[in-house]
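So the structure is just underneath, and the comments pick up after that.
The values are calculated or read from the model by the stated rules, or taken from the named source; none is laboratory data. None of the values given here were measured: they were computed from a predicted structure. Using ideal geometry, Cβ is built from the backbone for each residue, glycine included, and neighbour counts are taken over all protein chains shown.
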Amino acid sequence: MKNENYVVQSSEVYDAIVIGSGITGGWAAKEFTERGFKTLMIERGRLVEHRKDYITEAKPPWDYENRTKVAFDLVDDHYKIQRQCYAFHDGTKHFFGNDKDYSYTTEPGTDFSWIRANQLGGKSLLWHRQSYRMSQFDFAANRSDGLGIDWPIRYEDLAPWYEYVERFVGISGSYENLPQLPDSLFQPPFEMTLPERDFARTMARLEPDKPVIISRCAHLTQPNKIQVDLGRMRCIARNECQKGCSLGAYFSTQSATLPAAAKTGNLYIAANSVVESLIYDEKTNRVMGVRVIDNETLEQREYFGKLTFLCASTLGSTQIMLNSKSRRFPTGIANSSGVLGHYLMDHNYNAVVTAEIEGYDNEYYSGRRPASLYVPNFHYEPSRYHASFKRGYALAGNANRSDWQTMGTSDGFGVEFKNKVRNPGGWVMRLQGQGEMLPNRENQVSLSATQKDKWGIPKLHINCKWSDNESAMVDSALETAGTMMSKAGFYNIRKTILGQPPGLAIHEVGTARMGRDPKDSVLNAYNQCHDVPNLFVTDGSSFCSSGVVNPSLTFMALTVRAVDYAVKEVKARRL
Amino acid sequence: MINRRHLLELLISVSGAGTAAILLGGCSHNTNKKLVDTSWLLTSDQLETLRHICMQTIPATHTPGAAEVNCHQFIDQQLKVVFSEIDQQKSMMLLDKIRSVSNLYGPAVFERLSPDKQLALLRDLEASKDPFAHRDLEAFKILKGLIVFGYCTSEEGATQELNYVAMPDGFKGSVPLSQVKSAYSSKAYY
C-alpha cells in the first residue's frame, strides 16, 4: 500500500465504505475495488502489514522471555477472556483485543466469551482456517423443522459464489460427493496418519453414515497462478499460523484480498477508526457515511460514501447498528422488525472424547498438519434427527502420538524418564463434537443502558446460553464418538464435557438475520437491509441458522454475492 | 526438511531478503535470552534443592540435562511471572518440606544427600508415601511439569535432545519412527 492510500481526514464521498477488514471486509473491498469502485475500508484497530508486522513469526520458544507463556498479572488484568482461546499465547497476544478496552456485560446467570481481534486483517489473522460449504439441508433446515425463519436463499444460489471464492482462497481437501457436505474446488488434501486412515476404513465398513474424511482448510497445497501472483506460497506445515505467515500459505486479508484490492489503486484505508454510528439521512432513507472515534486520540471524524457494507463481525456490526439511532429507527438502524440483536448463535464444542490406539509403534509423521479429521453431520435432515434433539453435529479431531507436552508430569526420573520425554508416546485419538445451536429469540445482544467503553460507545450486553437441545447434542456426540472409537478397537476411552460458554467456537452468527419478510428479518436475500437500501451486512450476523460447519467460507460467498448485486443495482441506477 | 536454498530464493523473490532472513536464519530472532543468576522468587536454598531435583529428573547424558540448561532458574522465573501466588506458595512449601525431611533419608539436606538417597526421596514423593502426602504430589506436579517444559523449550533441549523442526517441508502422514528418532512435537506450539 502506498502511504497516500491511508486516510485520516477526508471529505471525499467514496463509492463504497466497507466497515471492517477481516474475512468479509477484505472480500468486500477486493470485489468493489476490482469493479472500479473507489472504496474506503474502515478498521477500528491499528495497521498490520503483511510480513513486516508478524513480529513473532519463526521465533523459537527459547527466545520468548517466558517461553510463550503470558505473565499472570497481564492475563489477569487484560486477557481473562481472550486467554480462553486455544491460540492465545505470548507469540499471538498482540493480535487479540484487550479485555479492558473491549469490555462488555453479560446477563446474570449467563456467560459469553467474546474473542476479539481488532486490527487490520481482524480475525483473518487468527482464524482456524477450516472451510466448508453449507449444504442444501442447512439452508432448508429452518423451513423443514420450523425452528427459525426460512433462509431466503438456497444452496444453488450460493454455489457459484462458493466456487468463485474458493478459486481465489485456495482450499485443500478431498472430493467426497457427500450430500450433507458439498465439495469445494479443492487443492490436494493433507494426508492422514496411518491410524487415521485405518480408522476411516473401519468406519466406512461399520458406520457407513459417518464417513471419516480429512478436514478442508484454507491452506495452499498447490498454489494456482492467482495465488502465486499475489506472492503466496505452498504451506510447509509449521502450524504456527496465528503468528502470521509470510509465505501467505493460509488465506488472510493481508495475504490475499488486501494485496488484490491494493493493486487496483481504488483502495483507501482508515485505520484506528472506531465506528460510533452510521450517519443516516431520513429524507433520502440512505446511509450517508459513518461517525468514527479515533482509536488513540478519541477525536471524532466522519467519512462519507454512497454504499455502506458492514463487515465488522457479527457482534461488531450489530453493535454499530444498535447504536445508529434516529427518529425513524429509535432502536437501531434498519430495525423496523425488532429482531436486530436477537437470535445470537455459536457452535457448541463441549464434547471431547479421547482414546488410546494400540500398535503402530514404528509409525510416525513429519510436519505439523493444520488440518484434522472430520466426520460430517449425519443428522442433517429431519428424518435423520436424533430422538432427543433437533439438528446435528460434526466430529473433528486427529490421531497422533503423545509427546512431552502431554507426558511431562508422568512418573519417573533419570535417564529412563529423559528417554520417555524424548521419544514419542502411544497413539491417541481425539474427537470433538461441533454442534449446531438453534436460533432462539432470547439469545440476544443489546446496548448497555448504563455503561460505555473508552470510546464513549455503549457497551454490548450479551444474554446468551445453551439450550437443552445443545446439551442433549453434547451427550450424543460423546456417545457417538465413544462408540466409533470402541468399534475401532481403541481403548481407555475418556469422555469429557468442557463446560465452555457460548462464544468460544468463535462462530457467532445471527443477530441481523436475512429473511423474506421485513417484519421478521433485517436483511433481504442479498444481505441488503430491508429498511435502508444502501446498507448491506455481509458478516455472520446475516445467518438465519448456524448450520454445523465452520462459517467463514459462507461469509465470503455471501459477501461477494452481495457486492455483485449491489454493483449491478448501482449500474442500473436502482441504488 | 524443505530445501532451504530453494525456499530462500522463493522468499526473496516475493518478500525481500529481510523477511527471508528472519524465516530462514535458523530462527534468527535469536535474542537468546540467557537466564541470569538472580533469584526471582525462591531462596538460594530452595533454588539449590530445585537444581538437584532437575539433575535427578532429567540428567545430563550425551546431551545436557535440565540443570545444565538452567531449568531451576527458569522455574524460579516462571513461578514468579506466570503462576498464581497460590501455586508459588505450594511450590515453595514443597521445596522447604523436601529440605526438612531430607534427614530421614540421610545425614544432610537434600542437595548433599547421595544421588541414590535423593532419588529415594523423590520416588516417595511421587508415590505420595510417608513423609509425603497427596498435596505434596500436587505441588510436585507443578515443578516436574515445569522441568520438562523448561527443558524441552530450551534451545539445547529442543535441538539436541529433541528434534525441533522450525521449517518442515509440508506434512507427511506416514514416516517410520526409526527415521525420525526423536520428536519435538507433532502439534502446533500453542
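Assorted remarks:
- Within the stretch A:228-255, considering residues that are away from chain B (no Cβ under 11 Å) and among the polar types (S, T, N, Q), the one farthest from the chain's Cα centre (by Cα): A:Gln254
- The condition (being under 29 Å from A:Ile81 (Cβ atoms), surrounded by 15 or more Cβ atoms within 10 Å (Cβ to Cβ) and polar (S, T, N, Q)) is satisfied by just one residue among A:Asn142, A:Asn98: A:Asn98.
- Wholly within the stretch A:302-377, strands (runs of 3 or more DSSP E) carrying at least 1 residues that are in contact (Cβ under 8 Å) with a residue 24 or more places away in the chain, of a type outside the set (D, E, K, R) and more than 14 Å from every other protein chain (Cβ to nearest Cβ): A:351-357, A:373-375
- When the residues of the stretch A:175-190 are filtered to those that are surrounded by 15 or more Cβ atoms within 10 Å (Cβ to Cβ) and within 14 Å of another protein chain (Cβ to nearest Cβ), the one that is farthest from A:Gly359 (Cα to Cα) is A:Gln187.
- Filter pass, B:Ala139 being under 30 Å from A:Tyr64 (Cβ atoms), touching a residue at least 40 places away in the same chain (Cβ under 8 Å), hydrophobic (A, V, I, L, M, F, W, C) and not in a helix (DSSP H, G or I): no
- If the condition is being more than 7 Å from chain B (Cβ to nearest Cβ), more than 23 Å from A:Ser366 (Cβ to Cβ) and out of contact with any His (no Cβ under 8 Å at 6 or more places or on another chain), then the stretch A:393-431 contributes A:Ala394, A:Leu395, A:Ser410, A:Gly412, A:Glu416, A:Leu431.
- Among the conditions (1) among the small types (Gly, Ala, Ser); (2) surrounded by fewer than 22 Cβ atoms within 10 Å (Cβ to Cβ); (3) closer than 24 Å to A:Ala562 by Cβ, the only one that A:Ser103 does not satisfy is (3).
- Residue match in the stretch A:42-63 (condition: of a type in the set (Phe, Trp, Tyr), assigned to a strand (DSSP E or B) and touching a Gly at 6+ places or on another chain (Cβ under 8 Å)): no
- For A:Val549, the stated conditions do not hold, so it cannot be described as surrounded by fewer than 24 Cβ atoms within 10 Å (Cβ to Cβ), within 30 Å of A:Glu381 (Cα to Cα) and under 24 Å from the mean Cα position of the chain (by Cα).
- Only one entry in A:Ile497, A:Ile493 is surrounded by fewer than 22 Cβ atoms within 10 Å (Cβ to Cβ), farther than 24 Å from A:Asp209 by Cα, of a type in the set (Val, Ile, Thr) and over 22 Å from the mean Cα position of the chain (by Cα), namely A:Ile497.
- Among the residues of the stretch A:385-422, those identified as of a type in the set (Lys, Arg) and either more than 21 Å from A:Ser546 (Cα to Cα) or free of Cβ contacts under 8 Å to residues at least 60 places away in the same chain (or both) are A:Arg401, A:Lys418, A:Lys420, A:Arg422.
- Unique match (being β-branched (Val, Ile, Thr) and within 30 Å of B:Asn163 (Cα to Cα)) among A:Thr450, A:Thr406, A:Thr480: A:Thr406
- Cβ separations smaller than 6 Å between residues 6+ apart or across chains give the following pairs from the stretch A:177-194 residues that are closer than 20 Å to A:Thr554 by Cβ to residues that are of a type in the set (Phe, Trp, Tyr): A:Gln180/A:Phe137; A:Gln180/A:Tyr380; A:Asp183/A:Tyr175.
- Flag if B:Ser178 is facing another protein chain (nearest Cβ under 7 Å), modelled with pLDDT under 90 and part of a helix (DSSP H, G or I): yes
- Of all residues in the stretch B:48-69, exactly one satisfies the criterion of being farther than 17 Å from B:Pro115 by Cα and free of Cβ contacts under 8 Å to residues at least 60 places away in the same chain, namely B:His62.
- In the stretch A:432-464, residue farthest from the other protein chains (Cβ to nearest Cβ) [restricted to those that are within 30 Å of A:Ala371 (Cα to Cα) and in a strand (DSSP E or B)]: A:Gly435
- Some residue of the stretch A:71-82 being buried (at least 22 other Cβ atoms within 10 Å of the Cβ), closer than 18 Å to A:Ser255 by Cβ, of a type outside the set (Val, Ile, Thr) and under 22 Å from the mean Cα position of the chain (by Cα): no
- Subset of the stretch A:47-85 (residues that are under 24 Å from A:Gly503 (Cα atoms) and more than 14 Å from chain B (Cβ to nearest Cβ)): A:His78, A:Ile81
- Residue among B:Phe132, B:Phe171 that alone is among the hydrophobic types (A, V, I, L, M, F, W, C) and within 7 Å of another protein chain (Cβ to nearest Cβ): B:Phe171
- Condition broken by A:Tyr380, with the remaining ones in (1) in contact with a Pro (Cβ under 8 Å, 6 or more places away or on another chain); (2) more than 14 Å from chain B (Cβ to nearest Cβ); (3) of a type in the set (Phe, Trp, Tyr); (4) part of a strand (DSSP E or B) satisfied: (4)
Residues are listed down the side, and each one gets a yes or a no for (1) at pLDDT 95 or above; (2) surrounded by fewer than 18 Cβ atoms within 10 Å (Cβ to Cβ); (3) under 23 Å from A:Lys30 (Cα atoms):
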site	(1), (2), (3)
A:Ile293	yes, no, no
A:Leu298	yes, yes, no
A:Gly316	yes, no, yes
A:Met321	yes, no, no
A:Phe329	yes, no, no
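- Selection within the stretch A:142-192 - out of contact with any helix residue (DSSP H, G or I) (no Cβ under 7 Å at 6 or more places or on another chain) and among the hydroxyl-bearing types (Ser, Thr, Tyr): A:Ser172, A:Ser174, A:Tyr175
One line per residue, one yes/no per condition, for (1) part of a loop (DSSP other than H, G, I, E, B); (2) polar (S, T, N, Q); (3) buried (at least 16 other Cβ atoms within 10 Å of the Cβ):
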site: A:Glu163; (1), (2), (3): no, no, no
site: A:Arg167; (1), (2), (3): no, no, no
site: A:Met192; (1), (2), (3): yes, no, yes
site: A:Glu196; (1), (2), (3): no, no, yes
site: A:Ala200; (1), (2), (3): no, no, yes
site: A:Met203; (1), (2), (3): no, no, yes
site: A:Asp209; (1), (2), (3): yes, no, no
site: A:Thr221; (1), (2), (3): yes, yes, yes
